[in-house]
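S.K.: Just passing along the structure, written as structure tokens.
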Amino acid sequence: MKAPMFSLPYINNNGIYHLQDDIGKVIVLTFWASWCPDCGHDLPKKEQLFQSMDTTKVRMITINVTGRERDQSAGPAYTEKYLSQPTLADRGTEIYENYQCKGVPTTVIINQNGDIHDQFGDNAKFLEIVTSVGTLVGDS
């Protein structure tokens with residue numbers, strides 16, 4: 001299935017991110033909310049992976065699901081404190097719903113052709129996500 005294209009504003013940078021611009025790379029999207037305990041376990045691991053990832057082959061993006069936040073300032077505050085990877089603000093739950101997410105965190109892996117390769121829910125093991133990314137990077 002083709003990944004739904006979107007453009008969203010950065011929380012931790014100026015400007016707008018366009019998914020289309022990264023087609024050709026493996027793209028890892030992580031949908032999250034600041035209050036979520038599972039996100040609190042998942043995002044630090046993703047941040048470590050981001051720090052060591054070859055950014056010429058892999059683009060890691062986190063998306064704060066603003067429509068699932070209790071306080072709209074919580075996502076930006078969390079981002080500033082914990083995330084250096086590019087972080088976007090969803091328009092409520094629009095992109096979250098376009099990707100048919102069922103909860104947070106949800107990780108979506110998009111291959112170099114713009115197809116959804118894998119999608120992981122809140123119970124996914126981090127190693128499963130890394131392995132999925134690795135199979136795509138190994139193909140490039």
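S.K.: Return the sequence-ordered ³J(HN,Hα) values of region 116-125 in whole Hz as given by the Karplus equation 6.51 cos²θ - 1.76 cosθ + 1.60 applied to θ = phi - 60°, using x for Gly and Pro.
M.R.: For region 116-125, the Karplus curve yields 6, 8, 8, 9, 10, x, 5, 9, 5, 7 Hz.
S.K.: Let me ask something additional. Highest GNM mean-square fluctuation, the chain, Cα pairs closer than 10 Å: which of K81, K102, K57?
M.R.: Fluctuation is largest for K81.
S.K.: Here's a follow-up. Taking K25 as the anchor, which lysines have their alpha carbon closer than 22 Å to its alpha carbon, excluding any fewer than eight residues away along the same chain?
M.R.: List returned: K2, K45, K46, K57.
S.K.: P(r) tail for region 1-66, what percent of Cα pairs lie past 14 Å?
M.R.: Looking at region 1-66, the distances longer than 14 Å represent 64 percent of pairs.
S.K.: So if each residue of separation counts as 0.36 nm, and I subtract the Cα-Cα distance between Y82 and F126, what length gain in nm does that give?
M.R.: 14.0 nm
S.K.: Moving on. By residue number, which cysteines of the chain lack any other Cys whose Cβ falls under 4.7 Å from their Cβ?
M.R.: Cysteines of the chain left without a disulfide-compatible partner: C101.
S.K.: What is the spin-label model distance, in nm, from W35 to T55 if the labels are put 7 Å beyond Cα along the C-beta direction?
M.R.: About 3.3 nm, to one decimal.
S.K.: Sticking with this one: Just to confirm the number: angle between the C-alpha axis of helix 126-139 and the first principal axis of the chain, 0 to 90 degrees, nearest 10?
M.R.: 40
S.K.: Which residues' amide hydrogens lie under 5 Å from the amide hydrogen of I63, considering only partners 5 or more residues apart or on another chain, with H built in the peptide plane?
M.R.: Under 5 Å from the amide H of I63: T30, F31, W32, L88.
S.K.: Under the rule of -39500 (n - 2.57) per DSSP H run of 4 or more residues, summed and divided by the residues of the chain, what mean residue ellipticity at 222 nm is obtained, to the nearest 500 deg cm²/dmol?
M.R.: -9500 deg cm²/dmol
S.K.: Spin-label point model (7 Å from Cα, Cβ direction): what's the A74 to I16 distance in nm?
M.R.: 2.8
S.K.: Among (1) 13.5; (2) 8.3; (3) 7.4, find the value of mean projected area of the Cα convex hull in nm² that was calculated from the structure presented, and write down its label.
M.R.: Label of the calculated value: (3).
S.K.: Still on this structure: When the Cα centres of region 56-78 and region 95-125 are compared, how far apart do they sit, in Å?
M.R.: 14
Since every read-out is calculated from the coordinates, none of them should be taken as a lab result. All of these numbers come straight from a predicted model, not from anything done at the bench. A quick note on method: Cβ atoms are made from the backbone with ideal geometry, for glycine too, and the neighbour counts reach across all protein chains shown.
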